[in-house]
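Structure first, commentary second.
The values are calculated or read from the model by the stated rules, or taken from the named source; none is laboratory data. The structure displayed is predicted, hence computed values, not measured ones. For neighbour counting, all protein chains shown are included, and Cβ atoms are generated from backbone atoms with ideal geometry for every residue, glycine included. For accessibility, only protein heavy atoms count, side chains too; no ligands or nucleic acids. Shrake-Rupley method; radii C 1.70, N 1.55, O 1.52, S 1.80 Å.
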Amino acid sequence: MEKNRVAQRIRAFRKLKGYTQSELAVKVGISISKLGSIERGSIKPDDKTIQLISEALYIDADELKSEV
């Protein structure tokens, strides 16, 4: 099963910016288990969560949704 593209991009940008899952979860205001589930592709984040994650990572939300 192919991993969700958004999940892959969130994880990649998080690592690129040097955040742990715990640090990013705190910045976004979600639990670490929810962030882990999002990064694994177990759950699909809603638009509000994508916006919060993108703001915490200082990137445009479209960067996370990109299909490139």
Next on the checklist: I need the full set of residues from the range 50-68 which are open to solvent by 80 Å² or more (accessible area, probe 1.4 Å), in contact (Cβ under 8 Å) with a residue 40 or more places away in the chain and part of a helix (DSSP H, G or I), in order please.
Outcome noted: GLU63, LYS65
Checklist entry - Take the residues of the range 22-42 that are surrounded by 15 or more Cβ atoms within 10 Å (Cβ to Cβ) and among the aliphatic types (A, V, I, L, M): which is nearest to SER66 (Cα to Cα)? => result ILE38
Next on the checklist: Can you confirm whether TYR19 is modelled with pLDDT of 95 or more, open to solvent by 70 Å² or more (accessible area, probe 1.4 Å), in a loop (DSSP other than H, G, I, E, B) and not aliphatic (A, V, I, L, M)?
Outcome noted: no
Item to check | Residue count, the range 22-49 (criterion: modelled with pLDDT of 95 or more, more than 10 Å from ALA7 (Cα to Cα) and assigned to a helix (DSSP H, G or I)) | outcome: 12
